[in-house]
Amino acid sequence: MNCILKNATVYVNKEFTKKDVFIVDGTVTFEHSPLFFDFQVIPCDGKYIFPGFADVHVHLREPGFSYKENIETGTKAAAHGGYTTVCSMPNLKPAPDSMENLTVQLDAIGKSAVINVIPFGTITKGSQGDVLSDMEDMAKDVAGFSDDGRGVQNREMMLAAMKKAKALGKIISAHCEDNSLLRGGYIHDGEYAKEHGHKGICSESEWGQIKRDLELVKESGCAYHVCHISTKESVALIRQAKKDGLDVTCETGPHYLVFSDKDLQEDGRFKMNPPIRSEEDRLALIEGIKDGTIDMIATDHAPHSFEEKSKGLKNSLMGVVGIETSFPVLYTNLVKTNIITLEKLIELLHINPCKRFGIDCELAEGKSANLTVFDLESAYKIDSNSFLSMGKSTPFEGDEVFGECLLTVANGHIAWQRP
């Protein structure tokens, strides 16, 4: 790719500056040269160029569940949202619990992905929680290890996994959920559940296992990352763990920052795990974003078929899509309302996830081009019919947002460009 992105506001060296970005044979430079005379010029007046976003929690569904999503559609959707790197979760068939099974996924990524995809390996065989996966064999090819979708119920099993991950220099990325506390619940155990006769999921099912794991982190010295936190107690526990010097990071999702359970509707597009919690929890999450307790925002992009999401709040499968709406939703609800700065949002979507998971997609001189161009003044209503993802179930359907992705370049190639 050879082009000039002309007269943009560019986020580089942790600040915004007005400049041209030259992409020469897929590589970024900021230096002018007569050689650029014949390059395609893409006017970017009034537009913003960000380093490509990184999402460390995405379900691409291939292999095993390609009727929901596949690597091609999922990565195209990610590019449409401004992402140039995603870490794919391992609840697949076959589960990536051995090098043989991981290779099936790696081959599919090599064939179909339009952006960078770094898979997670499972913590346990088949994510069943009984026997450790072949962690050592997979270590060099994975972002870390996760049994996402299931919490590791056995304390000794989790400790053994943490010790192995520590020895391998890899992260444990934990879905924290105590099955003994679920009691058939499927939305937050709050006012909406009581008023509408739904079974609730208590907050302790999440924060109780986080508390256990933090004790194990202290014992093992493992690098530990908590997936999709949703409760005020989780924020408090992680805040204290960081003060105590533990090697701990965490993420939350856009829907937990925007909605509380008072916003729920009798619709499968509001059903995910963990569930949307109370207003008190939402405000605690925002405070955690502001003070650095929460390191990054990940979408937990989890596509399902129309049939699986059309059975109401009670009977639909858990999981919503989010990778195409993440930036505009966060920009509209957090930046334009002066809750955080645009610089802070880039830290949450790019700097921190890249630093934690060793992702090299910096927007810098001499680097392969991984960047995205946005029009922040463009206002529109979210319409799932425009999604490139096969999944269409989003709680943000019909919401008016600002910030439209115009172009995403991944590894020096155009991954998405507005027609």
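Of all positions in segment 127-141, none carries a residue that is within 23 Å of Asn411 (Cα to Cα), part of a strand (DSSP E or B) and in contact (Cβ under 8 Å) with a residue 12 or more places away in the chain. Restricting to segment 362-371, name every residue that is under 17 Å from Tyr83 (Cβ atoms) and open to solvent by less than 60 Å² (accessible area, probe 1.4 Å). Within segment 362-371, Leu363, Ser368, Ala369, Asn370, Leu371 qualify. Considering segment 167-256, the qualifying strands (runs of 3 or more DSSP E), each wholly inside and each with 1 or more residues that are touching a Leu at 6+ places or on another chain (Cβ under 8 Å) and within 22 Å of Ser146 (Cβ to Cβ), run over 223-226, 248-252. Every test in (1) within 30 Å of Asn91 (Cβ to Cβ); (2) hydrophobic (A, V, I, L, M, F, W, C); (3) in contact with a helix residue (DSSP H, G or I) (Cβ under 7 Å, 6 or more places away or on another chain) is passed by Ala79 save one, and that test is (3). Remark: Val56 matches the filter, which requires a residue to be closer than 23 Å to Glu347 by Cα and crowded, with 18+ Cβ neighbours inside 10 Å. Here the condition is being under 24 Å from Gly391 (Cα atoms) and charged (D, E, K, R); of Lys111, Lys140, it holds for Lys111 alone.
Scanning segment 36-53 for residues that are assigned to a loop (DSSP other than H, G, I, E, B), open to solvent by less than 60 Å² (accessible area, probe 1.4 Å) and modelled with pLDDT of 95 or more turns up Cys44, Gly46, Lys47, Gly52.
So for segment 147-164 (the condition being free of Cβ contacts under 8 Å to residues at least 12 places away in the same chain, more than 24 Å from Val58 (Cα to Cα) and either out of contact with any Phe, Trp or Tyr (no Cβ under 9 Å at 6 or more places or on another chain) or part of a loop (DSSP other than H, G, I, E, B) (or both)), does at least one residue qualify? So far as segment 147-164 goes, yes, one or more of its residues are free of Cβ contacts under 8 Å to residues at least 12 places away in the same chain, more than 24 Å from Val58 (Cα to Cα) and either out of contact with any Phe, Trp or Tyr (no Cβ under 9 Å at 6 or more places or on another chain) or part of a loop (DSSP other than H, G, I, E, B) (or both).
For segment 394-412, the tally of residues that are open to solvent by less than 20 Å² (accessible area, probe 1.4 Å) and farther than 30 Å from Cys3 by Cα stands at 3.
Against the test of being farther than 30 Å from Asp141 by Cβ and either buried (at least 18 other Cβ atoms within 10 Å of the Cβ) or modelled with pLDDT of 95 or more (or both), the options Phe387, Phe374 yield a single qualifying residue, Phe374. Would you call Thr73 part of a helix (DSSP H, G or I) and either in contact with a Leu (Cβ under 8 Å, 6 or more places away or on another chain) or open to solvent by less than 10 Å² (accessible area, probe 1.4 Å) (or both)? It is true that Thr73 is part of a helix (DSSP H, G or I) and either in contact with a Leu (Cβ under 8 Å, 6 or more places away or on another chain) or open to solvent by less than 10 Å² (accessible area, probe 1.4 Å) (or both). Taking the criterion of being in a loop (DSSP other than H, G, I, E, B), within 24 Å of Gly398 (Cβ to Cβ) and in contact with a Leu (Cβ under 8 Å, 6 or more places away or on another chain), the only residue of segment 323-364 that qualifies is Glu324. Taking the numbered list (1) surrounded by fewer than 16 Cβ atoms within 10 Å (Cβ to Cβ); (2) within 22 Å of the chain's Cα centre (by Cα) in turn, Cys250 passes all entries but (1).
Could you look through segment 264-314, keep only residues that are of a type in the set (S, T, N, Q) and open to solvent by less than 10 Å² (accessible area, probe 1.4 Å), and pick out the one that is nearest to the chain's Cα centre (by Cα)? The qualifying residue nearest to the chain's Cα centre (by Cα) is Thr299.
Just checking, does segment 340-347 include any residue being among the basic types (Lys, Arg), free of Cβ contacts under 8 Å to residues at least 60 places away in the same chain and open to solvent by 40 Å² or more (accessible area, probe 1.4 Å)? If you could, list the steps in order and put the result at the bottom.
Initially, segment 340-347 is screened for residues among the basic types (Lys, Arg), giving 344.
Then keep just the ones that are free of Cβ contacts under 8 Å to residues at least 60 places away in the same chain; that gives 344.
Remaining after also requiring open to solvent by 40 Å² or more (accessible area, probe 1.4 Å): none.
No: zero hits.
Put simply, of Ser98, Ser88, Ser33 the only residue that is open to solvent by less than 50 Å² (accessible area, probe 1.4 Å) and free of Cβ contacts under 8 Å to residues at least 24 places away in the same chain is Ser33. Residues in segment 200-249 that are of a type in the set (D, E, K, R), more than 24 Å from Lys164 (Cα to Cα) and free of Cβ contacts under 8 Å to residues at least 40 places away in the same chain: Glu204, Glu233, Lys243. Here Tyr380 meets the list (1) closer than 27 Å to Gly26 by Cβ; (2) open to solvent by 30 Å² or more (accessible area, probe 1.4 Å); (3) part of a strand (DSSP E or B) almost entirely, failing just condition (1). Looking only at residues that are in contact with a Gly (Cβ under 7 Å, 6 or more places away or on another chain) and of a type in the set (Ser, Thr, Tyr) in segment 288-311, which one is nearest to Pro90 (Cα to Cα)? Among those that are in contact with a Gly (Cβ under 7 Å, 6 or more places away or on another chain) and of a type in the set (Ser, Thr, Tyr), it is Thr299.
The values are calculated or read from the model by the stated rules, or taken from the named source; none is laboratory data. These figures come from a predicted structure and were not determined experimentally. Neighbour counts run over all protein chains shown; Cβ positions are idealised from the backbone, glycine included. In case anyone asks, the SASA skips ligands and DNA or RNA and just uses the protein heavy atoms, side chains included. Shrake-Rupley method; radii C 1.70, N 1.55, O 1.52, S 1.80 Å.
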